[in-house]
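As structure tokens, the structure follows; a few thoughts come after it.
The values are calculated or read from the model by the stated rules, or taken from the named source; none is laboratory data. It should be emphasised that the depicted structure is a prediction, and the values quoted were computed from it without experimental measurement. FYI the Cβ positions are ideal-geometry reconstructions off the backbone, even for glycines, and counts take in every protein chain you see.
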Amino acid sequence: MAQIAAERFARHALADRPCTSPVEAAARTTAVQAQDNLAARLGIRARAAGVTDADVLRALNDERSIVRTWLMRGTIHLVAAADLRWLVRLIGPTVVRKYRTRWRQLGLTDEVLDAAVAALPQLLADGPRTRREIREELAARGVTLDSPDPQAATHAVVYASVIGLICRGPDRGRDSTFVLIDDWLPDVPDGPEGDAALAELARRYFAAYSPATAVDFTTWAGLPGARAVQLIRDELSEVDLGGRTGYRLGEAAHGRGVRLAPAFDNYVLGHRDRSATIEAAYVPHVYQGGMIYPVVLRDGRAIGTWRLDRQRGEVTCTPFDPWPRQVWRDVEAEVADVGRYLDRELTFDQSAVSNAWASDMPGR
């Protein structure tokens with residue numbers, strides 16, 4: 001398991017953080033899960049040593065080289081703008097099927113959704129709009145979202161997003177905005193289609209997440225893993241993963257080091273079987289309902305959790321087991337780098353450090 005974790009750690013660019021731009025870091029794992037905006041941006045930091053939060057925000061809002069929308073499993077992701085159209089075209093239909101029943105419960109019939117989609121180009125012609133503004137302006141145009149549930153407006157924009165009409169625009173304070181893809185990203189290429197698109201996604205997945213199984217691919221992408229593997233089978237080498245058939249795309253070094261991975265990081269949600277990442281006893285500390293907590297990774301294995309108190313500017317860590325001195329030093333360096341990235345001085349609460357250092361645990 002340790003070798004599997006170390007290989008994935010390197011493939012994810014978490015070991016040496018070689019990415020030189022936000023778009024390169026986002027593309028490294030195809031897309032960065034982004035329902036938590038700051039967590040997604042910290043995922044970029046974990047893969048790109050010289051990048052700052054200001055760089056990421058500039059790439060999102062000014063350069064428009066990265067963009068947010070609903071992709072894998074119907075979850076918001078941050079993705080390279082150049083990959084937006086083909087990924088939405090490939091994944092969008094599965095999101096529609098996933099939410100169709102929920103939409104009908106919210107009164108979002110096919111007729112209502114079609115009417116909203118027809119109205120959005122004119123509604124968004126003057127620039128970004130928030131969910132509330134979209135709902136109000138749709139109503140002014142005779143498209144009423146009858147459900148009292150505030151999620152109706154969200155699901156209406158989800159639908160418009162996964163059919164490739166709109167995407168997230170710049171945040172307005174704490175509110176998300178939405179823009180027309182054709183206006184916001186007029187030069188984005190169409191990219192591959194059909195099997196060629198599925199093959200490209202499989203190629204990218206196994207390049208970043210190997211060794212992995214077809215079921216792992218399905219867990220991450222929400223798409224048929226067996227078909228994806230079949231399309232690029234001649235590019236993959238077979239690997240035994242504890243009695244299960246796995247695959248590897250190319251070779252990768254075994255990564256070493258300590259990294260603070262943010263909440264919902266791709267590294268901790270990209271596989272069905274997570275035993276290589278975290279011991280079973282500690283799974284409940286990381287995966288709780290729909291939440292995936294930030295983890296401290298050492299050579300690709302989760303050795304604890306961490307938390308950033310944004311208001312107080314304080315980082316705290318909770319080790320699963322006692323850490324040797326060198327790990328604490330490495331974590332302290334990571335905390336300092338998070339502060340550099342955010343351009344903010346952070347304090348590191350080390351109250352969890354054991355008074356009796358675990359001298360029998362080897363340093364890194």
Under the condition of being outside any strand (DSSP E or B) and of a type in the set (S, T, N, Q), which residue from the range 208-249 is farthest from His271 (Cα to Cα)? Gln230
Being assigned to a strand (DSSP E or B) and not β-branched (Val, Ile, Thr) is the filter here; which residues of the range 251-263 pass it? Arg259, Leu260, Ala261
Arg329: part of a helix (DSSP H, G or I) and either touching a strand residue (DSSP E or B) at 6+ places or on another chain (Cβ under 6 Å) or farther than 24 Å from Thr219 by Cα (or both), yes or no? yes
Just one listed residue, out of Ala160, Ala196, Ala221, is at pLDDT 95 or above, farther than 22 Å from Asp36 by Cα and hydrophobic (A, V, I, L, M, F, W, C), and it is Ala196
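Conditions tested, residue by residue: (1) surrounded by fewer than 21 Cβ atoms within 10 Å (Cβ to Cβ); (2) in contact with a strand residue (DSSP E or B) (Cβ under 7 Å, 6 or more places away or on another chain).
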| residue | (1), (2) |
| --- | --- |
| Val258 | no, yes |
| Ala281 | yes, no |
| Gly300 | no, no |
| Thr305 | yes, yes |
| Val315 | no, yes |
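Can you name the residue in the range 46-100 that is of a type in the set (Phe, Trp, Tyr) and within 18 Å of the chain's Cα centre (by Cα) and, of all such residues, is farthest from Leu185 (Cα to Cα)?
Trp70
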Determine, yes or no, whether Ser210 is hydroxyl-bearing (Ser, Thr, Tyr) and either crowded, with 22+ Cβ neighbours inside 10 Å or assigned by TED's automatic domain parsing to the domain that holds Arg233 (or both). yes
Suppose the filter is in contact with a helix residue (DSSP H, G or I) (Cβ under 8 Å, 6 or more places away or on another chain) and not basic (Lys, Arg); does Ala139 pass it? no
Can you tell which of Leu249, Leu201, Leu231 is over 30 Å from Trp306 (Cα atoms), touching a helix residue (DSSP H, G or I) at 6+ places or on another chain (Cβ under 7 Å), crowded, with 22+ Cβ neighbours inside 10 Å and among the hydrophobic types (A, V, I, L, M, F, W, C)? Leu201
Complete set of residues in the range 264-296 that are among the hydrophobic types (A, V, I, L, M, F, W, C) and either part of a helix (DSSP H, G or I) or under 14 Å from Thr318 (Cβ atoms) (or both): Val268, Leu269, Ile278, Ala280, Ala281, Val283, Val286, Val295, Val296
What residue, of Val188, Val179, is within 25 Å of Trp103 (Cβ to Cβ) and either surrounded by 13 or more Cβ atoms within 10 Å (Cβ to Cβ) or touching a Leu at 6+ places or on another chain (Cβ under 8 Å) (or both)? Val179
Filter result (surrounded by 14 or more Cβ atoms within 10 Å (Cβ to Cβ), charged (D, E, K, R) and within 16 Å of Val179 (Cβ to Cβ)) within the range 91-149: Arg129, Arg131, Glu133, Glu137
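Yes/no matrix, rows are residues, columns are (1) part of a loop (DSSP other than H, G, I, E, B); (2) surrounded by fewer than 24 Cβ atoms within 10 Å (Cβ to Cβ); (3) of a type in the set (A, V, I, L, M, F, W, C):
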{"position": "Gln3", "(1), (2), (3)": "no, yes, no"}
{"position": "Asp16", "(1), (2), (3)": "yes, yes, no"}
{"position": "Glu24", "(1), (2), (3)": "no, yes, no"}
{"position": "Ala40", "(1), (2), (3)": "no, no, yes"}
{"position": "Asp55", "(1), (2), (3)": "no, yes, no"}
{"position": "Asp62", "(1), (2), (3)": "no, yes, no"}
Is it the case that some residue within the range 244-261 is farther than 22 Å from Ala31 by Cα, touching a residue at least 40 places away in the same chain (Cβ under 8 Å) and β-branched (Val, Ile, Thr)? yes
